[in-house]
Each structure stands twice: as structure tokens, then as C-alpha cells.
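We did not get these values from a lab; they are worked out from the coordinates using the rules stated. Predicted model, so just to flag it, every value in this text is computed and none were measured. Counting neighbours? That spans all protein chains shown, and the Cβs are built from the backbone with ideal geometry, glycine included.
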Amino acid sequence: MSQLGSANVLPTTPTTYIYSGQRAPVRRLLRKHESLLLLCQVALNCAVVATVLVLCALFKLQEFSSLYRLLLVIAIFVVLVVYPVFGVYKQTDRFYKMALRISLAWFSTISILIVLAFLTKTSESYSREIIIVWFLAVATIQIPLLRLNYLAVAYYRKKYTKPINSLVIGMGRTARFFSSKIHNNHWLPDKVVGMVNGYDVEVPESITKQLTFPFLGEVQDINAIIQQHKVKRIYISLPLKHAAKVEKLNEKLLDSQVDVIWILDVSDWNLMNHSIREIAGMPLLSLNESPVNVSRIQIRVKHLLDKIIALIMLVALSPILLAASIAVKYSSKGPVLFKQKRHGFNGEEILIYKFRSMRMHDDTQVIQATKGDDRVTKVGAFLRKSSIDELPQLINVLQGSMSLVGPRPHALAHNAFYSDKISKYMARHRIKPGITGLAQISGCRGETETIDKMEERVKYDMEYINNWSLAADFKILIKTPLSLVSKEIY
């Protein structure tokens, strides 16, 4: 018998239904969660920008002309686009983070308006005094208003919002972390009353001792627990591999008059730069994605800063580069620069430059330099020890094949050797290789004569890719000079 007519078959994609002889509208798979607080924040920011501009224009010109009305419309539009990009409306318990986000967003808004005025040749039509005072006034007012917003929300929650008794099903690391976060977040009304075991096995005492909230029992007793503790919201923190169990649990709770929310726990998976987004109302969970695709704006800023800093360094270090070139030229026969093919972004082959530190030899088989290696010249030993031999890679940075900070590129032969021996080894190439990196400042420099040493280096490279940020790059650049002295560089 065909299953098409079965009542148990549910549509898994957006579907158009026929009812009462009419075609119903297509419904999104998921709907966005609406937030009154978000609307208030957007309105407040727009009101501040508008009010200050109107007051500045009236004070200076005694009128609010059509020219400034046009500026106001464009400014509000830019604010609506730019502020979400900088995460202004993403709530956080740390006030300084919110203050930094909103300040950067406003600075970017003004920068965009100035560029637009320049391109349209209308910059001379506006009073510089009004624009400067407007910029400074909004920048100054936004921060205290943000603090008042925080205090007002906290007061409103305490005075007028009834706490929502919440329950967390799951005992894993993600469940324990999440329960503390929502309970202590003053933006949320959730009050965690306890946690429930969502698995079919008994919970070890070692786990229950780590719980911040009371252990209330097993999932089969969920209805009794809901009634006893007057639970109104349930968070299910079970890994994706337990999706069938989550589905059955949701069916069971449909008549319990409680909100049911599933926390997508992927903590036991091997992920890289995972993120969640939405297309056409369907949720997308990125399990493995390059930072180049996840953080496009910041990556472009990184690449621009790479080239600016590399150019400055080439000019500033030109005496050292010249001296090194002369020393290499007269230390032994051969070219000053050593060129070698290595893997770059997405595994593409690139040609990197280094000062030649070895005597000319047959390099058909790539062998790492070791202690007492007779191929290394005296000048080369010094260059390798001080990492001066890597400085020509600033040219690679200018060419765009490398970055200042990133996983160090290895010889093609080394990649072929380690790729099937170390998990996630080739995933190092999901971002541009760098002259320095997290592995290098963490002590993983020099010879990797054992698999364990290379695994340690890969571990740091993956940590860098998963937690990449511009701030992290600057920290690595600052720490790099302190890590140059190493006993294991040959």
C-alpha cells in the first residue's frame, strides 16, 4: 500500500497545501524569533541619530533644509544596514563589548556617508561644523544611553517580568554550560529549576557533582517533573545523533503547555568554523567552512592590513635584508633567494621565497634540516636561528599568496607524508598560510622529527582557524619576536 496518504508522513520542505478549494501560501520551514527589545533598540538608535542631526542643523542654520532631510534619510538607512553587521543588536553581558560594537558601527556609518558625499560631489553643500558636532554628539550620547538601556531592561525584568521556570534535558558539557548562561543572563526571563537525564543510561556521580542546578530525575518522568516544578520552558541539549529521541520527546510534550527548544549540540563532532545561518527560511548548519567565507569583511580587512604592514616592514627592514643578501651571496655559491613550491589557500600550489641557508645540493628528496646538518652554511645557521631567512616571504604577502599570520606552509613532500597520518592535517589550508602563527609562538618551531610534534603543530593551527579574529592576529604578531629564540631551529 502506498505511504503517500499516511497521516504520519510530514513534509520536510516548504510545501503548498490545498484547502477549501484554494491554494494556501507557501510557509517557511522556520520562522524568525521576534523580539520587542530588538525593535526598541533599533528605534532608539535611529531616534538618537535623527534628533541630534535636527538639533545641530536648527542651532546652526535655524532651519532643517531639504538637504539635511535627505542626509537624515540616507543616514537612517545606513544605520539600519551597518549596525547589525557589527553585532550591535546581539546581546552580551559584557557592557564594554556592546560599547565597542556601537562605537565602531557609528564610525563606519559616518565614514560611508563621507565617501558617498565625496562620490556625489555634495560634500561642500554641508556644514563641516554640523557634521563634526553630529558625529561627536551621537558617539558620546550612545554609550550612556546603552548603559541606561541595560539598567532599564534589568529593572523591567525584575519588576514586571515573571520568571519562566525552565528545565534543561541533558547532562553533557554543553547542557551544563548553557544552563548557567541562560540562568544568569539578565536579558532573559529564564529561571533554571533543574536538569534531567536525557539518556538511557544512569548518570555517573562524577557528572552530577558538576551540576550547578538540581538533578531532578529521568526523562521518562518528565510530565511529573513539569507539574511539580511548574515548568514553562524546556531546553533539550542532546547531540544531533539523538535526533529521533528528540522528535519523540517533542511529540510527548506537545500537550504539556510548555515551550520546547532544541539546543543543537555538536560538541562531540570534529568541526571547523561551524556556524548557523538561514536561506529561504531553512536553517543551515555549517560543519566545515573556511574563515574566508564566514568572516568576509574581517578577512578583507586582514588581507589589506597584511599588505600595508608587509610594505612598511620591507622598507623598515631593508638594511637587514640587504645585509642578509650580501652575506648569503658570499657564503657559498648559488642564488640569494631559495624558491620552493608549497601548498597555499585551499591546497593550491604557491612559490614561497626564503634566503638560501644551505649549500647547493640535490633536492629531489626534501629532507628537513637537523642538528649538525652539513648542508647548512654558517650564515644560513644564523639566518635560520633568527628567522631572518623567512623575511623574503613579505614579498609573498604583497603578492597575496601568503598572510602575515596563519598556519606555516610545509613542503609538498611533507604534506604528502603527513596527510594520511594526522587527522585534519590538510584542513590547515582553509586559510592563507602565514609567516608566523599560533603554533610558532606556542613553541612549535623547528624540526618535526616525530609524528607527535607535527600533531601538536596541527592542533595549534586548527585552534587558530577555529578562533580566528583580527585581535588574535595582532596578539600573535606582537608575541612573535619573543618566540624567535629557539634551541630547536637548525
Any idea what the relative contact order of region 69-226 is, in percent, if you count C-alpha pairs under 8 Å spaced at least 6 apart?
16
Quick check: from the Cα gyration tensor, does region 162-269 come out rounded (a/c under 1.5), prolate or oblate?
rounded
Could you calculate the contour length gain from Ser423 to Thr208, that is, 0.36 nm times the residue separation minus the distance between their Cα atoms, to one decimal place in nm?
74.1 nm
By a straight-distance test (C-alpha under 27 Å), which lysines pair with Lys90 as possible cross-link partners, with residues fewer than eight away in the same chain excluded?
Lys32, Lys158, Lys159, Lys162, Lys181, Lys191, Lys232, Lys302, Lys475
Let me know the charge dipole size of region 36-159 about its Cα centre in debye, to the nearest 20, where only the beta-carbon of Lys, Arg (+1) and Asp, Glu (-1) is charged.
560
List the trypsin sites (Lys or Arg not before Pro) within region 168-271 that fall in a DSSP loop (any state other than H, G, I, E or B) and whose Cβ has at most 13 other Cβ atoms within 10 Å.
Lys209, Lys230
Please list, by residue number, every one of the trypsin sites (Lys or Arg not before Pro) in region 439-473 that is coil in DSSP and has at most 10 other beta-carbon atoms within 10 Å.
none
Which distance in Å, rounded to a whole number, links the C-alpha centroids of region 144-207 and region 58-122?
35
Pair Leu311, Glu349: separation of 7 Å Cα→Cβ label points (nm):
3.1
Highest to lowest packing among 330-337, 193-200, 291-298, 135-142, scored as the average C-beta count within 10 Å:
193-200, 135-142, 291-298, 330-337
In the neighborhood of Pro407, defined by Cβ-to-Cβ distances under 10 Å, what is the net charge if each Lys or Arg adds +1 and each Asp or Glu adds -1?
+4
Under 5 Å between amide H atoms, partner at least 5 residues away or on a different chain: which partners does Val260 have, H built in plane at 1.01 Å?
Ile234
Extension reserve of the Ala416-Val266 stretch, reckoned as 0.36 nm per residue once the Cα distance is removed:
51.0 nm
Computed E for Tyr160/Arg94 - FRET, C-beta separation, R0 22 angstrom, nearest 0.05:
0.30
Counting only residues 5 or more places away or on other chains, whose amide H sits under 5 Å from the amide H of Gly406 once H atoms are built in the peptide plane?
Gly434, Ile435, Thr436, Gly437, Leu438
Diagonalise the Cα gyration tensor of region 36-159 and give the resulting equivalent ellipsoid semi-axes, square root of 5 times each eigenvalue, largest first, whole Å.
28, 15, 12
Restricting to Cα pairs below 8 Å that are 6+ residues apart, what does the relative contact order work out to for region 36-159? Please round to a whole percent.
30
Say each of Asn185 and Leu39 gets a label point 7 Å from the Cα, pointing the same way as Cα to Cβ; how far apart are those two points in nm?
2.1
Taking the simple approach of a point 7 Å from Cα along Cα-to-Cβ for both Ile326 and Lys252, what is their distance in nm?
8.1
Defining a contact as two alpha carbons under 8 Å apart and six or more residues distant in sequence, what relative contact order in percent does region 162-269 show?
30
If R0 = 22 Å, then Ser111 and Tyr150, at their Cβ-Cβ distance, give a FRET efficiency to the nearest 0.05 of 0.25
